[in-house]
Amino acid sequence: MASGYDLMWIVEDFEKNLARELDFLLEAEAASKTADQLSHLAPRVHVPRVLTEHSSTRVLTMELCEGLLKANNPEALRGAGLDVLECAELICNTFAEMIF
């Protein structure tokens, strides 16, 4: 114990959830649900499709999306005719929708 604090709950929680966090079939299911929940934002928001035939509990395979711009590259966004602030707002709103 560190200075009188009982931190074993962290170890126990980590142990309990580690297997779930490392099960990529559960991640694949979550990604598919996320894609469904965000489908109303298409084509502005795209969640790569899970390739279930090439995925397992230890491997998650998703479609390759080529030609995308990085959200952290404002010059590229502007070069593609996009408004950086609108992109930032879309990203924030999308993450907020995923969380809440």
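The values are calculated or read from the model by the stated rules, or taken from the named source; none is laboratory data. This is a predicted model, so every value here is computed, not measured. Neighbour counts are summed over all protein chains in view; Cβ atoms, including those assigned to glycine, are modelled from backbone coordinates with ideal geometry. The accessibility values were calculated without ligands, DNA or RNA, using every heavy atom of the protein model including side chains. Shrake-Rupley method; radii C 1.70, N 1.55, O 1.52, S 1.80 Å.
A quick yes/no check of all residues on (1) more than 26 Å from residue 100 (Cα to Cα); (2) surrounded by 10 or more Cβ atoms within 10 Å (Cβ to Cβ); (3) free of Cβ contacts under 8 Å to residues at least 12 places away in the same chain:
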{"residue": "19", "(1), (2), (3)": "no, yes, yes"}
{"residue": "26", "(1), (2), (3)": "no, yes, yes"}
{"residue": "35", "(1), (2), (3)": "no, yes, no"}
{"residue": "79", "(1), (2), (3)": "yes, yes, yes"}
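Just to verify a result, which residue in the range 37-77, among those that are without any contact (Cβ under 8 Å) to a residue 24 or more places away in the chain and under 14 Å from residue 94 (Cα atoms), is surrounded by the fewest Cβ atoms within 10 Å (Cβ to Cβ)?
Among residues in the range 37-77 that are without any contact (Cβ under 8 Å) to a residue 24 or more places away in the chain and under 14 Å from residue 94 (Cα atoms), the one surrounded by the fewest Cβ atoms within 10 Å (Cβ to Cβ) is 43.
Considering (1) at pLDDT below 95; (2) touching a helix residue (DSSP H, G or I) at 6+ places or on another chain (Cβ under 7 Å); (3) not β-branched (Val, Ile, Thr), say which one residue 41 fails and leave the rest.
(1)
Do we find a residue being under 15 Å from the mean Cα position of the chain (by Cα), under 22 Å from residue 99 (Cα atoms) and open to solvent by less than 80 Å² (accessible area, probe 1.4 Å) anywhere in the range 7-14?
There is no residue in the range 7-14 that is under 15 Å from the mean Cα position of the chain (by Cα), under 22 Å from residue 99 (Cα atoms) and open to solvent by less than 80 Å² (accessible area, probe 1.4 Å).
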